[in-house]
Amino acid sequence: MRTINNIEHLLQPLEKAIQVSFLPTVVKHTFNELDRLIYTLPAKFGGLGIFDPTKSCHTEFSSSTRATAPLVHAIKDQQLFLTPEENFAISKETSAAKAGITIQKSAEHKITLRRVQERLPSEKAQHMELLCKKGTSAWLTTLPLEEFGFVLNKQEFSDAICLRYNYIIKNMPHRCACGEANSINHALCCKKGGYVSMRHNQLRDLIAHLLTSVGCRDVQTEPPLIPIDNEVFDRKSVNTAAEARLDVSARGVWNSMDRTFVDVRVFHHGAPSNKCPTIEKSFQKHENEKKLTYNRRILQVGKGHFHTFSLLNKRCYGR
């Protein structure tokens, strides 16, 4: 595609094979023309990076021609030897061309994404916006390194694709163990079976491990807060329970001896309790709830620092 122009008709059999054989095997779901357009987008724009060769061949040829233009000119001029200054000029021009190509492709993908969102219902359009958030699609482009647990079997990969696009998961029970009607939204929120606790505890332990690895001291998971005697708070929302705990604490985060507390919250944007106009407002809501509950107690009684760590369970976007 990068070396020959006007070969759209020659690539039609390849696109047909992608639609008939390859994509059904990957997504395990029937798809339409709009879905195929979504799949052509890069992962960071909510797609799968499975481009349509009949539509991208012209762009690839143009990009290749533009990037190699300085070298082509040097060959045509029969320049057998180049001075260091000429080499530097060609390298600089080539790098500038490649940077321009990257910007151009990104702009084209954004236009395609906007057209896709205009054709989708409002709920699905918002879901596509979520898939474009930083880190949400990292699992698709990460190397499957077994050492770090990044390997998915074919069932896990298929289920992950279904979760990504809100497809119905095959062989999923119609009713949850809790007795409610089952769905993807319910499965990501239901506390029956321990999945909600498992995903929270995994992130809690990861934060503790990272704090230890960077040299923080006295790292603890689920540390108890200092008991309250006669302290009075100006907010009724403050947690005053004697057994109150947070997820992680460590010394040396900001100062050598100050103690910093971190609390983790993982939420599902599709849950009824998270019906906010935007994803950012959902994050603000959960962060404010944590701060209203613990911030005053830690500052006044514990004389430490408090940070919330809110994440969205979309593999995994947070702040």
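In table form, for the structure just shown:
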{"item": "Ordering of 113-124, 157-168 by burial proxy (mean other Cβ atoms within 10 Å per residue, highest first)", "result": "157-168, 113-124"}
{"item": "Rounded percent of accessible protein surface that carbon and sulfur make up, the stretch 129-235, 1.4 Å probe", "result": "55"}
{"item": "Estimated FRET transfer efficiency when R0 is 51 angstrom, pair Phe88-Val151 (beta carbons, to 0.05)", "result": "0.70"}
{"item": "Net length gained if the chain between Lys76 and Arg2 were fully extended (0.36 nm per residue, minus Cα distance)", "result": "24.7 nm"}
{"item": "Cross-link table Lys170/Lys192; Lys134/Lys303; Lys110/Lys291; Lys28/Lys290; Lys191/Lys291, entries beyond 29 Å C-alpha to C-alpha", "result": "Lys134/Lys303; Lys110/Lys291; Lys28/Lys290"}
{"item": "1.4 Å probe accessible area per residue over the stretch 200-319, in Å²", "result": "55"}
{"item": "Restricting the stretch 43-89 to chymotrypsin sites (Phe, Trp or Tyr not before Pro) in coil, as DSSP defines it, with at most 10 other Cβ within 10 Å", "result": "Phe81"}
{"item": "J(HN,Hα) series, the stretch 58-71, from Karplus relation 6.51 cos²θ - 1.76 cosθ + 1.60, nearest Hz, glycine and proline x", "result": "5, 5, 5, 5, 4, 5, 5, 4, 5, 6, 9, 4, x, 5"}
{"item": "Solvent exposure of the stretch 87-172 as accessible area per residue, Å², 1.4 Å probe", "result": "69"}
{"item": "Protein accessible area in the stretch 25-116, 1.4 Å probe - carbon and sulfur %", "result": "61"}
{"item": "Built amide H within the under 5 Å cut-off of Asp258, gap 5+", "result": "Gly252"}
{"item": "Correct option for log10 I(q)/I(0) by the Debye sum over Cα atoms at q = 0.13, 0.14, 0.16 Å⁻¹ [calculated from the coordinates] among (i) -0.89, -0.98, -1.15; (ii) -1.09, -1.18, -1.35; (iii) -0.91, -1.07, -1.45", "result": "(ii)"}
{"item": "The chain: relative contact order as a whole-number percent, Cα under 8 Å and 6+ apart", "result": "13"}
{"item": "Convex hull volume per residue in cubic angstrom - Cα atoms of the stretch 70-141", "result": "130"}
{"item": "At 1.306 mPa s and 10 °C, Stokes diffusion of the stretch 148-260 via Kirkwood alpha-carbon radius, µm² per second", "result": "88"}
{"item": "³J(HN,Hα) computed for each position of the stretch 137-148 - Karplus, 6.51 cos²θ - 1.76 cosθ + 1.60, integer Hz, glycine/proline x", "result": "10, 4, 5, 7, 10, 7, 5, x, 7, 5, 4, 9"}
{"item": "Cα centroid of the stretch 268-313 to Cα centroid of the stretch 81-127, whole Å", "result": "36"}
{"item": "Estimated vicinal HN-Hα couplings, Hz - the stretch 116-124 in sequence order (Karplus 6.51, -1.76, 1.60; Gly, Pro = x)", "result": "5, 5, 5, 8, 8, x, 4, 5, 6"}
{"item": "Long-range HN-HN contacts of Ser310 with modeled amide H, under 5 Å", "result": "Arg265, Arg319"}
{"item": "Neighbour cut-off at most 14 other Cβ (10 Å), DSSP loop, GluC sites (Glu not before Pro), the stretch 224-292", "result": "Glu231, Glu243"}
{"item": "Tail weight of P(r) past 25 Å, computed on alpha-carbon pairs of the stretch 1-127, percent", "result": "42"}
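The values are calculated or read from the model by the stated rules, or taken from the named source; none is laboratory data. Keep in mind it's a predicted model, so treat the numbers as computed, not measured. When we count neighbours, we look across all protein chains shown, and the Cβ atoms used for this are built from the backbone with ideal geometry, even at glycine. Ligands, DNA and RNA are excluded from the accessible area calculation, which covers all protein heavy atoms including side chains. Shrake-Rupley method; radii C 1.70, N 1.55, O 1.52, S 1.80 Å.
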